[in-house]
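The values are calculated or read from the model by the stated rules, or taken from the named source; none is laboratory data. What you are looking at is a predicted structure, and each value in this text was computed from that prediction instead of being measured. Here the Cβ is made from the backbone with ideal geometry for all residues, glycine too, and neighbour counts use every protein chain on show.
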Amino acid sequence: MSDTVKLKKYGRARWVWCDLALLLIVLYYGATAGVRIWWGKYAQADLQTEVQAVSAAGQSLDFKSLAPPATPDGRNAAVLYIQALKDPFFAEPARAPASKPATRPAKVRESDKTPCELAAEFAADPAKRKAGAKAVRAILQKGAAAAALCRQARGRPDVVWPADLPGQPSGGDMPSVRGLAGLSNLLCLFALDAGDSARQADAAGYLLDALHLSDAISQVPTFRNLMIACSADEVLFKTVRQISPALATSAGRAEFETFIRKLADTRDIQNDFQRACMGDRCLINDLVGQMRVRFLDKSGDPMSSDSLSVWFLINPAWDLDQARVIRNANNLVTASCQESYPAALTIDPVRKPEKAGVLGLRTFTHFMSLLTQSSHETMLGMHFSRVAHRRLTACALAWRLFAIDKGKPAENLDELVKGKYLGELPRDPFSLQPNPLRLAFKSHKGIIYSVYSDGKDDGGDSGDLSIFPDGRP
């Protein structure tokens with residue numbers, strides 16, 4: 001075979017391989033583009049499905065839809081609470097910075113503690129309150145003006161906080177967690193001082209003030225405010241536990257009956273929790289949108305090669321992850337409407353920890369949902385604990401009023417309903433079945449309890465939420 005023929009065969013074979021390689025490249029990029037188009041449409045459809053589910057429920061992903069209407073200052077209790085928090089009682093003293101970084105937190109001397117810190121300590125410790133009676137009187141004298149403003153706030157029908165949130169009225173930031181907690185502690189200290197002095201009517205009045213403050217904090221539909229309100233409620237419950245055993249007369253009966261009625265009716269805080277879940281969903285969706293703009297359009301030029309490549313590769317994954325974020329939030333909103341903790345968990349079940357390898361992969365594919373996903377189990381548990389504590393506290397005070405009137409404690413909780421101390425027997429929010437709160441006796445003293453999160457009836461032992469109306473045996 002001549003060299004010319006060999007050269008022609010080699011040339012034809014080379015072009016065949018080139019054509020085959022070109023065909024493979026075209027098929028590869030065509031398949032990639034087809035998969036990308038399908039993936040993008042699938043991700044868009046998934047995201048639109050979740051957004052439409054919110055709209056179908058008559059809700060919105062815009063925080064403005066949850067913002068309360070504007071109200072005149074003369075009707076707004078929040079104005080008085082903010083004014084109370086500007087009182088010198090809540091001023092933070094300037095403490096000199098440490099000259100060296102401390103290896104452990106320095107112990108604050110008693111003389112360096114703020115009135116708010118002292119109020120919290122005296123409210124929590126009866127023995128310290130009794131030993132420091134002079135200091136307690138000084139704190140109450142300093143905080144009298146703030147407490148008087150809280151009493152006025154209880155008479156105002158509306159609560160609109162000037163929170164720095166989308167759609168909220170402008171005019172300032174939401175008061176700090178420290179300030180609101182200090183105001184709650186101050187009111188509870190006033191109630192305890194009145195209870196220690198056998199001024200039952202005054203004690204009931206301050207308890208009502210503290211309850212109104214807690215309810216007012218819940219009006220901003222965010223988890224931040226929900227946690228502050230739960231903390232304020234916890235201080236209030238501990239205060240009632242100290243006051244309840246000392247009730248001995250019918251003084252302040254009208255105030256205590258009002259307090260019991262407000263505690264037993266938990267519909268408002270259930271509505272507030274649902275609004276907090278909806279508000280958190282709006283804020284998370286807004287955060288995801290801001291992250292999308294900053295991440296996908298970081299080059300500033302939407303037609304640059306960098307932006308196009310990022311859009312081509314990541315945009316569908318971003319849409320799918322945003323759909324997961326909204327889906328998780330939708331589940332929590334639905335769970336917040338349930339009457340019990342077990343029923344809520346059937347809608348928004350506890351998520352099992354991911355395996356290390358799976359979690360490593362999902363760090364990229366589930367970046368936003370992992371970053372913004374709050375602990376739903378914790379929020380649900382916090383809310384239903386708050387409901388249970390309110391109902392337990394209402395039953396405990398009704399029990400004490402029954403004992404004062406009848407000269408002996410009730411043998412069962414049904415007697416409280418028959419005697420019209422309670423409108424109805426409160427349901428246990430941690431029981432799957434619609435069972436009421438339970439009553440047991442330990443050392444001849446009654447204990448009212450809820451089965452708590454494990455759902456097991458431990459007879460009021462450490463595994464249950466409980467309260468001793470007559471004090472611990």
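Within the set of pairs 6 or more residues apart or between chains, which connect a residue that is small (Gly, Ala, Ser) inside the stretch 408-429 to a residue that is surrounded by 13 or more Cβ atoms within 10 Å (Cβ to Cβ) with Cβ atoms less than 7 Å apart? Short answer, once both residue conditions are applied: ALA410/TRP399; ALA410/PHE402; ALA410/LEU416; GLY419/PHE402; GLY423/ALA264.
For the stretch 164-179, check the following and say yes or no: at least one residue is in contact with a Ser or Thr (Cβ under 9 Å, 6 or more places away or on another chain) and free of Cβ contacts under 8 Å to residues at least 40 places away in the same chain. The answer is yes, given that some residue of the stretch 164-179 is in contact with a Ser or Thr (Cβ under 9 Å, 6 or more places away or on another chain) and free of Cβ contacts under 8 Å to residues at least 40 places away in the same chain. Residue count for the stretch 45-70, restricted to those that are within 25 Å of the chain's Cα centre (by Cα) and surrounded by 12 or more Cβ atoms within 10 Å (Cβ to Cβ): 14. Entry remark, the stretch 162-184: residues being at pLDDT 85 or above and polar (S, T, N, Q) number 1 in total.
Residues in the stretch 416-425 that are assigned to a helix (DSSP H, G or I) and more than 15 Å from PRO469 (Cα to Cα): VAL417, LYS418.
For every residue, the table says whether it meets (1) modelled with pLDDT of 85 or more; (2) assigned to a loop (DSSP other than H, G, I, E, B); (3) farther than 26 Å from MET174 by Cβ.
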position	(1), (2), (3)
LEU47	yes, no, yes
PRO93	no, yes, no
PRO97	no, yes, yes
ALA120	yes, no, no
LYS130	yes, no, yes
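Can you tell me which residue within the stretch 169-223, out of those that are among the β-branched types (Val, Ile, Thr) and surrounded by 18 or more Cβ atoms within 10 Å (Cβ to Cβ), is nearest to ARG241 (Cα to Cα)? It comes out as ILE217. Which one is modelled with the highest pLDDT among residues in the stretch 344-369 that are closer than 23 Å to GLU50 by Cβ and among the small types (Gly, Ala, Ser)? Going through the qualifying residues, I end up with ALA344.
Within the stretch 123-143, track down each residue that is of a type outside the set (Lys, Arg) and surrounded by 14 or more Cβ atoms within 10 Å (Cβ to Cβ). Selection gives ALA123, ALA124, GLY132, ALA135, VAL136, ILE139, LEU140, GLY143. Residues that are touching a residue at least 24 places away in the same chain (Cβ under 8 Å) and not in a helix (DSSP H, G or I) within the stretch 132-145 comprise just one, GLY143.
Yes or no: SER431 closer than 30 Å to ALA43 by Cα and of a type in the set (Gly, Ala, Ser)? For SER431, the condition - closer than 30 Å to ALA43 by Cα and of a type in the set (Gly, Ala, Ser) - is not met.
Being farther than 30 Å from LEU380 by Cα, modelled with pLDDT of 65 or more and touching a helix residue (DSSP H, G or I) at 6+ places or on another chain (Cβ under 8 Å) narrows it down to one residue among PHE312, PHE273; which is it? PHE312 is the lone residue from the list that is farther than 30 Å from LEU380 by Cα, modelled with pLDDT of 65 or more and touching a helix residue (DSSP H, G or I) at 6+ places or on another chain (Cβ under 8 Å). Here ALA248 meets the list (1) surrounded by 15 or more Cβ atoms within 10 Å (Cβ to Cβ); (2) at pLDDT below 90 almost entirely, failing just condition (1).
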